[in-house]
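The values are calculated or read from the model by the stated rules, or taken from the named source; none is laboratory data. As the structure is a computational prediction, the values presented were derived from the model and not from experiment. As a convention, Cβ positions derive from the backbone with ideal geometry for all residues, glycine included, and neighbour counts pool all protein chains shown. Remember, those area values only see protein heavy atoms, side chains included, never the ligands or the DNA or RNA. Shrake-Rupley method; radii C 1.70, N 1.55, O 1.52, S 1.80 Å.
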Amino acid sequence: METNERHWPALTIFDTTLRDGEQTPGVSLSAPQKLEIAAALQELGVDVIEAGFPAASSGEADAVAAVAAAVTRAAVCALARCHEPDILAAADALRHAARPRLHVFIATSPLHMRHKLRLSPTQVLQRARQGMRLALDLCRDVQFSAEDATRTEPAFLHDVVALAAELGVATINIPDTVGYATPAEYAEVIAIARHAAAIRPKAVISAHCHDDLGLAAANTLAGIAAGARQAECTINGLGERAGNAALEEIVMALRTRPERHAVTTGINTRRLCETSALVARLTGMVVPANKAVVGANAFAHQSGIHQHGVIGNASTYEVMRAEDVGASTRIVLGKHSGRHAFEAWLKQRGVELAESERQAAFAAFKRLADTEPHPTERRILELARPARMQPAGWKLLAVAGEDGPVTVRLADPDGRVRQGRGRGTPAEAVARAVAEATGLRLRLAACRAGFESRGDGNVATVTVEFDCEGAALRGQAIAACEVEAVAHALVDALPAARAARVEVSP
Ligand code: KIV
Ligand code: ZN
């Protein structure tokens, strides 16, 4: 079997978070939000960013134009129906793009042609031809999509794809628009497309799958195995109805099982969690805790048996390395946890107990776990540490200011109340407020915020990395909102010993 990556073909990653992803019911992104996501996608290493559908509104056209002007490394794509005004709007929005791509589409299934377009197959072919010709006149890089391709008559799909190849379209996309195909079927449809496009060997066949039956990633992988060389996907699997294939799932499946797929991507996988958290924050679409790759529980272990396994070797219960996606393995202490994991967890936090103390601490922890389903790190430490080890640290008394400047009230290690205020993004504002309140030299290095749905509502989960008086520190917390979670993560990780050295005015 070929395992030498140098010989593997490259797979183009076409991200459509800003177009198909924005079609998620309830999601609408402003131009600055699109720009922020586009910058993150470019850093992530996607090849093509589909920025939107300019004919939708003038605001959308402006947002696509702003992304097109700002992005320099990735190609920027705009979508248009095979209608002259749509195509002109898309070409106009792309006018300042360094690498513009114009994407035209028309539905080809009997159902869509009859009930939506009210056109005969011949008329659809004619519209497709006119649309592609106009697009090719306006842009060198054109993509064509046969909407609802998987419910299209195979012979007609063959004709449409052959037409696109003949006209010189560079990328021919085969959407499973309603998530209807199974992996074997989708591979067959891709094979039809490849056959039809054979007259133009350089034409790239693209996979675009929706998740109505939960098969979007599996179908995309089947399409790649059948010769598709572009995968269309969205961060967190956002998209119409059940969404699109998730970028993080496709990329990590390719990376984790290279011997099954033998293609390469330019994705910097270490940025996956950070990008996912940004998209979740800006779209308001909470990432379920059990979401593959980027969910808060994707590398979390709660049962004693699993914890014992991963403490020995993470591969026992993890198929990819957490750090490869920008996450970390988490031992979640709860009522299922065993003594082994509990003691390892304490040890990681520098708490070494005598045998008699260990038994008492474990018993107290089990009592706590029965009454508090999600005990915080601080709560467990308070309970497990014998009195001789309880630090006189900083305590967060209050935090306010979700939508503006943030104010924090802290108790210092001697119990005196201190106050600070800060501005900026939620994480920066809290870090500045904490720095002012403590008088510590504190610089935020990274903040990863996610949102989880819990039985009783949504919670924010936050990991912060920061530098405090020259020491690199890390904190984690879960709270009702991001600002509160960042404040807990920072304050709970502040070292008491350093705090005691700080000169603060009364
Ligand atoms: O799902 C679909 O058919 C699409 C096309 C417009 C590419 O998103
Ligand atoms: Zn789609």
Estimated inter-spin distance, Arg129 and His340, nm [label 7 Å along Cα→Cβ]: 7.0
Cα-projected label distance for Ala363 with Glu469, points at 7 Å along beta-carbon direction, nm: 3.8
I'd like the orientation of helix 339-348 relative to the chain: the angle between its Cα long axis and the longest Cα principal axis, in ° from 0 to 90, rounded to 10. 80
Between Thr316 and Glu382, what's the calculated FRET efficiency when r is the beta-carbon distance and R0 is 25 Å? Round to 0.05. 0.20
Sorted by accessible surface (1.4 Å probe, heavy atoms of the protein chains only), largest first, Arg378, Arg409 come out as Arg409, Arg378
As a test of reading the structure, rank Tyr317, Tyr180, Tyr186 by solvent-accessible area (1.4 Å probe, protein chains only), most first. Tyr180, Tyr317, Tyr186
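Give, in whole angstrom and from largest to smallest, the semi-axes √(5λ) of the equivalent ellipsoid of the stretch 11-283, with λ running over the eigenvalues of the Cα gyration tensor.
Equivalent ellipsoid semi-axes, largest first: 25, 23, 17 Å.
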If N is the residue count of the stretch 302-447, its Cα Rg over 2.2 N^0.38 Å rounds to 1.26
Report the accessible area of Leu163, computed with a 1.4 Å probe over the heavy atoms of all protein chains in place, in Å² rounded to the nearest 10. 10
Treating the angle as unsigned and between 0 and 90°, give the value, to the nearest 10°, between the Cα long axis of helix 247-256 and the longest Cα principal axis of the chain. 80
Taking the chain, how many lysine pairs are there with alpha carbons less than 24 Å apart, if each pair must be eight or more places apart or span two chains? 6
Between Ala445 and Lys116, 0.36 nm times their residue separation minus their Cα-Cα distance comes to what? 113.3 nm
In nm, to one decimal, how far is the Glu166 label point from the Asp403 one, both placed 7 Å along Cα→Cβ? 5.8
Between helix 426-438 and the chain: long-axis angle, C-alpha atoms, 0 to 90°, nearest 10: 20
Collect residues whose amide H, placed 1.01 Å from N in the peptide plane, falls under 5 Å from the amide H of Glu240; neighbours closer than 5 in sequence don't count. Gln23, Thr24
Mean separation of Cα contacts under 8 Å, 6 or more apart, over the residue count of the stretch 1-116: relative contact order %: 21
For the chain, what does the helix formula give at 222 nm: sum of -39500 (n - 2.57) over DSSP H segments with n ≥ 4, over the residue count, nearest 500 deg cm²/dmol? -11500 deg cm²/dmol
Name the shape class, rounded, prolate or oblate, that the alpha-carbon gyration tensor gives for the stretch 1-122, where a ≥ b ≥ c are the square roots of its eigenvalues, rounded holds for a/c under 1.5, and otherwise prolate holds if a/b is larger than b/c and oblate otherwise. oblate
For His7 and Glu323, compute 0.36 nm times the residue count separating them, minus their Cα-Cα distance, and round to one decimal in nm. 111.1 nm
Provide the gained length on full extension for the span Ala98 to Ser58, in nm with one decimal, where the gain is 0.36 nm per separating residue minus the Cα-Cα distance. 12.2 nm
Per the 1.4 Å probe, what fraction of the accessible area of the chain, in percent, lies on carbon and sulfur atoms? 50
Long-range share for the chain, i.e. C-alpha pairs more than 33 Å apart as a percent of all pairs, stands at 47
I'd like to check one number: the per residue accessible area of the stretch 11-283, probe 1.4 Å, reported in Å² as a whole number. 38
When all protein chains stay in place, what accessible area (Å², nearest 10, 1.4 Å probe) is found for Ile192? 50
